[in-house]
Structure formats: C-alpha cells, structure tokens
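Worksheet: one structure, shown below.
The values are calculated or read from the model by the stated rules, or taken from the named source; none is laboratory data. All values derive from a computational prediction rather than experimental measurement. Cβ placement follows ideal geometry from the backbone for every residue including glycine, while neighbour counts extend to all protein chains displayed.
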Ligand code: ADP
C-alpha cells in the first residue's frame, strides 16, 4: 500500500517536473522570440531613420559633407556629388582621395583648430569654373568631444556670373557715354576758344555736337528700355496684330533713310495675325529693318517675309543683300554692345543695344530669334511669334 502510494507520488513528481520544464522552455522561447522581434523592430527603425535622413539630405539644394573623427567621409549628399561631378561612393575616403582639392583639405584643418569657418569662397579648378561658398563646423558630442566635421556648400557660380555681367555692363555703358560726351566737350571748348567767330566752322561744329547729343539721347532711351525689359517691369499688351500693315508703317518711318542709300524696301508678308504687343513689335521690326538698311548694301534690297508654321506659330524674316555677318558673330550680335565692326556701327549712330532689345521683346512674347548669313551674300534675321 505504502509502496503504491510512493510510486504514485514519484510518478506525479516526475510528471510535474516535465510539465514545469516544458512550460519553462515555452516561456523561454517566447521571451527569446520577443527579444528577437524587438531587435528586428529596432533594426528596422534604424534603417528607416537612415533612409529618411538620406532622403532629407538628398533633397537639400546645398551640398553636404559629413566627416568622421578621422576626417574620412561619412556622408556626401546628392547635391554635393553633383557640384563636384562625382558618381562613385565616397564613404570612407579622405577629401584628398575623393576630390584632390588641397584648398578644401586645408580648410578642414582650419575648422579643427578654429571650431568653425564661415563664408569661405572656393573656386573649383578651371575645368568646371564653379564658385562655391563653404560653411564648416566641428560636430561635438554632449561631453564636448569632437565627433566629426560638417561642411555645407552653396553654388555661387550664377551669382558670380551676374556680378561679372553687371560689371561689364557698367564699364560698357560708361565707355559708350564717354565717347559722345568727350566729343561734345571738345567741340564746345574749341568753339569757346574762338571757332565760334567763323560762322561756317561754328555751324559744322554745332552739327557734330547736335549729332552726338542725339546719340547720347538714343543710348539713354535704349538703356532705359533694356532695364525695363530685364527687370520684367514692362507689361505686354497682347492683342491680335496684323503684320503686313505694321511692316508698311515701319517702312514709311524709315523711308528717307532707305532713300538716302537707294535701298528698295519690299514687303513680301502674306496676311498674318500675331498675338503681340503692337508697339513692341514695331520696335522689333524697326530695329531689324534699320539694321538691314544701315549694314546692307547701297542700292540693295531689304525684304520682309514670313509664314505660318505647322504648330500655329508665325515665322518672320528681315533680309538684306549686304556684306553679311561672319559665322562666329552670328549668335553674339544679340549680346549687349557687341558689334562686328565697332567703328562702322558708331558711324551709323548705333548704340549696340538694338538686337539685344529685339531678343528681349521676342523672348517675352515666348518666341525665338536667330540670324543666318553667308559672307558677301547678306544677312537674314528670323523671329517667331505666337499666332492670334
Ligand atoms: P548697333 O546699334 O551697333 O546697330 P545692334 O545690336 O542693332 O547694334 O547690332 C549689333 C551688331 O550686329 C551691329 O553693330 C552690326 O555689327 C551687326 N549687324 C546687325 N544687323 C546686321 C546686318 N543686317 N548685317 C550685318 N551686320 C549686322
């Protein structure tokens, strides 16, 4: 009896032991699974955070470079790679290995000693000719230990180009103003010195003064037009504009100029209606026809023609049969103050701004303007306009 009781107790104890073991193992497995799931969640969160950080850095317009404690690249965003034209992976490289730029490597050295460097201007080697502004600072942890360096790059190239264009413009304008002004001054002094006593000489000098004052006036008018066009202050009054009568009006305005050179003006335009600002279009046609008379051949022909293109736009041309324009100058004639023959342009009273004004007006209508020429066979200026 006792024996049976002990046996049952033993069996119960063994059963209890296995039950406990199984339960303990299940609990342990469950705990392990939870730890693993938590680890995976953490890993995923870290991957997500890194991906988000990359999206954030890559969406920046500024180039960004993060260096680690040993001055090796930890991160370079997309804008940075674009600025430097780099397609390969940069992680783990030094600045010298990645870019071969002593100046930048030296700058990083300076940041180490000074803590930060702001507004440092860096010109990239000739090939790309880019200008960059670099702001750099040391990154430290809460204990004040250096963790790395951050460098932010802004592209200054466009700004520098604008600055250069402005400087060139001011220099050109001063030069253009000074030429007629010094002539006026010279002739006035000569008149005051006694030339006024000879009526014939006086009249000749006064005519020169009048012509140069007129040139100054024209130049100032053109400068104001250019300035208004470039600043976007000029509002276009777009209306259906019939081109043929507009050309007739321009021909009438320039009739005596053409007659002086025995130039025949031909209006070959078919009936075309543009969506344009008539007074600005008048300025475009007047500049082109005036140039064709000025730079064309004496006893020559100036022809205006055009057609409607398949896409509904209108293409107009102004053609002369003069000496033409050398191929290397064909695009440049639209630049401010560019002249193929400076002396000839000035003799003709040109300001060097006419074609630049034409280009602006046509572009503001959404059109294009270009020139074609074969030396000795004349020049043709084309432009497009939206049809009405
Ligand atoms: P400008 O006041 O000197 O005429 P533009 O801007 O109108 O200035 O023209 C720029 C230059 O383009 C002129 O100086 C001239 O050298 C050249 N050019 C313009 N039109 C013609 C043309 N029809 N034939 C030859 N050269 C031309």
Next on the checklist: Among the residues in segment 81-96, are any exposed (fewer than 12 other Cβ atoms within 10 Å of the Cβ) and farther than 23 Å from residue 54 by Cβ?
Outcome noted: no
Checklist entry - Given 222, 217, 198, which one is outside the structural domain of residue 336 (by TED's automatic domain parsing) and more than 18 Å from residue 347 (Cα to Cα)? => result 198
Item to check | Filter result (over 22 Å from residue 61 (Cα atoms) and touching a residue at least 60 places away in the same chain (Cβ under 8 Å)) within segment 126-147 | outcome: 146, 147
Next on the checklist: Taking the criterion of being assigned to a helix (DSSP H, G or I) and either on the phi < 0 side of the Ramachandran plot or loosely packed, with under 15 Cβ neighbours inside 10 Å (or both), would at least one residue in segment 266-279 satisfy it?
Outcome noted: yes
Item to check | segment 103-135, residues that are part of a helix (DSSP H, G or I) and either touching a strand residue (DSSP E or B) at 6+ places or on another chain (Cβ under 8 Å) or farther than 21 Å from residue 68 by Cα (or both) | outcome: 103, 104, 105, 107, 108, 110, 111, 112
Next on the checklist: Can you report the number of residues in segment 142-197 which are in a helix (DSSP H, G or I) and on the phi > 0 side of the Ramachandran plot?
Outcome noted: 0
Checklist entry - Consider residue 111 against the criteria (1) at pLDDT 90 or above; (2) buried (at least 18 other Cβ atoms within 10 Å of the Cβ); (3) farther than 12 Å from residue 136 by Cα: it satisfies all of them except one. Which criterion is unmet? => result (3)
Next on the checklist: Which condition from (1) within 16 Å of the ligand (Cβ to nearest atom); (2) without any contact (Cβ under 8 Å) to a residue 60 or more places away in the chain; (3) surrounded by 15 or more Cβ atoms within 10 Å (Cβ to Cβ) is the one that residue 316 breaks?
Outcome noted: (2)
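Let's see how each residue does on (1) within 12 Å of the ligand (Cβ to nearest atom); (2) without any contact (Cβ under 8 Å) to a residue 12 or more places away in the chain; (3) within 17 Å of residue 355 (Cα to Cα); (4) in contact with a helix residue (DSSP H, G or I) (Cβ under 6 Å, 6 or more places away or on another chain):
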residue	(1), (2), (3), (4)
250	no, no, yes, yes
260	no, yes, no, no
271	no, no, no, no
276	no, no, no, no
280	no, no, yes, yes
283	yes, no, yes, no
290	yes, no, yes, no
293	yes, no, yes, yes
297	yes, no, no, no
Checklist entry - Out of segment 319-354, which residues are near the ligand (Cβ under 8 Å from one of its atoms) and touching a strand residue (DSSP E or B) at 6+ places or on another chain (Cβ under 8 Å)? => result 320, 322, 324, 325, 333, 334
Next on the checklist: Tell me yes or no: at least one residue of segment 339-346 is touching a residue at least 24 places away in the same chain (Cβ under 8 Å), under 17 Å from residue 281 (Cα atoms) and outside the structural domain of residue 229 (by TED's automatic domain parsing).
Outcome noted: no
Checklist entry - Quick check: is even one residue across segment 238-246 within 16 Å of the ligand (Cβ to nearest atom) and in the same structural domain as residue 373 (by TED's automatic domain parsing)? => result no
Item to check | Meets criteria (at negative phi and either crowded, with 16+ Cβ neighbours inside 10 Å or not in a loop (DSSP other than H, G, I, E, B) (or both)) for residue 292 | outcome: yes
Checklist entry - over 29 Å from the mean Cα position of the chain (by Cα), over 30 Å from residue 208 (Cβ atoms) and buried (at least 21 other Cβ atoms within 10 Å of the Cβ) - does that describe any residue in segment 339-361? => result no
